[in-house]
Amino acid sequence: IDKVMELRTENKGRFYNAFIKPIMDGTLDKPEVVGSNVNISEQDFVDAPVISFAHRLTDQKGLSIMKGAIFRLFDNWDEVFPGKKMPFFIVGGPPEAAEELQHLYDLKNGDYGKNKERLNHVLALKGNMPNPAIMAASTFFCAPSTYEPCGLTQGECFAKGTPVITTDVGGFHDTIIDGKTGFLAPYVSEESFY
């Protein structure tokens, strides 16, 4: 585990310089930043947990569940995790439906949620994402699918030593050992996933 975490830190630094920094500088225009941009330092990014969601933006992939869990996490952060570094979230993918794209805009909307620090810790992106690099840099990769016949995400994450947080559906149920290779939310709901 120590070696995996050492390599994860290296991956986070590489990912920051190859992807996050160019997005913030405007030198990388794909995927497109949704809402206001964030200004994240490399040290803050490397030192904090990184939680990601990078999927096709369809109802099946559970972006609405992810959005609700993120709101709950930040709104309860100081109470549940006092003094701990807040995670950075990388959330996005190619949109297949306008209502799914709206969830990305909601994550960057200051009118929602109590803890506005969320706005500085969520990078919402529209378009194709470098999933292998994201998985290798993430502390956790999220897949809150409403259904999943088999799923490839968990295997791709396992290959990079990245635990997966998913809903307990389909292939996730068959391939993830809850508490060891990932975490299974028992119900398809934002409360369960949170």
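General observations
- Ordering Pro87, Asn109, Thr9 by Cα displacement along the dipole of region 3-113 toward the positive end leaves Thr9 in first place; charges were set at the Cβ atoms of Lys, Arg (+1) and Asp, Glu (-1).
- Rounded to the nearest Hz, the phi-derived 3J(HN,Hα) couplings of region 121-134 under the Karplus curve 6.51 cos²θ - 1.76 cosθ + 1.60 (θ = phi - 60°) are 10, 10, 9, 9, 10, 10, x, 5, 10, x, 3, x, 5, 4, where x marks glycine and proline.
- With helices as the sole contributors, the chain gives -11500 deg cm²/dmol at 222 nm; each DSSP H run of n ≥ 4 counts as -39500 (n - 2.57), and the sum is divided by every residue.
- Spin-label model, Asp75 to Tyr112: label points 7 Å out along the Cα-to-beta-carbon direction sit 1.1 nm apart.
- Fluctuation leader among Gln43, Gln102, Gln154 - the chain, Gaussian network, Cα springs under 10 angstrom: Gln43
- Think of a 1.4 Å ball rolled over the protein heavy atoms: the chain then has 48 Å² of accessible area per residue.
- Across Lys30/Lys108; Lys61/Lys126; Lys21/Lys180; Lys3/Lys180; Lys126/Lys180; Lys85/Lys116, pairs whose alpha-carbon gap is larger than 22 Å: Lys21/Lys180; Lys126/Lys180
- Positive-end extreme of charge dipole, the chain - chosen from Ile70, Ile134, Thr58 (charges on Cβ): Ile134
- Compared with the alpha-carbon gap, the fully stretched path from Lys3 to Lys21 is longer by 3.9 nm at 0.36 nm per residue.
- Take every pair of alpha-carbon atoms less than 8 Å apart whose residues are at least six positions apart; their mean separation over the length of the chain yields a relative contact order of 25 percent.
- The value of relative contact order for region 44-120, using C-alpha pairs under 8 Å at least six residues apart, is 44 percent.
- Normalising the average separation of contacting C-alpha pairs (under 8 angstrom, six or more residues apart) by the number of residues puts the relative contact order of region 117-194 at 25 percent.
- Cβ charges +1 (Lys, Arg) and -1 (Asp, Glu), total dipole of region 92-194, debye: 460
- Residues whose amide H falls under 5 Å from that of Gly182, counting only those 5 or more places apart or on a different chain, are Val164, Ile177, with hydrogens built in the peptide plane.
- Spin-label pair Ala97-Lys30: with each label point 7 Å from Cα along the Cα-Cβ axis, the two points sit 2.6 nm from one another.
- The ellipsoid that matches the Cα gyration tensor of region 21-160 has semi-axes, each √(5λ) in whole angstrom, of 21, 17, 17, with the longest given first.
- Distant-in-sequence amide H partners of Leu125 (H built 1.01 Å from N, under 5 Å): Val34, Val91, Gly92, Gly93
- Within the chain, percent of DSSP bridges classed antiparallel, to nearest 5: 10
The values are calculated or read from the model by the stated rules, or taken from the named source; none is laboratory data. Computed from a prediction, not measured in an experiment: that's the story for all the values here. As a convention, Cβ positions derive from the backbone with ideal geometry for all residues, glycine included, and neighbour counts pool all protein chains shown. All accessible areas refer to the heavy atoms of the entire protein, side chains included, with ligands and DNA or RNA removed. Shrake-Rupley method; radii C 1.70, N 1.55, O 1.52, S 1.80 Å.
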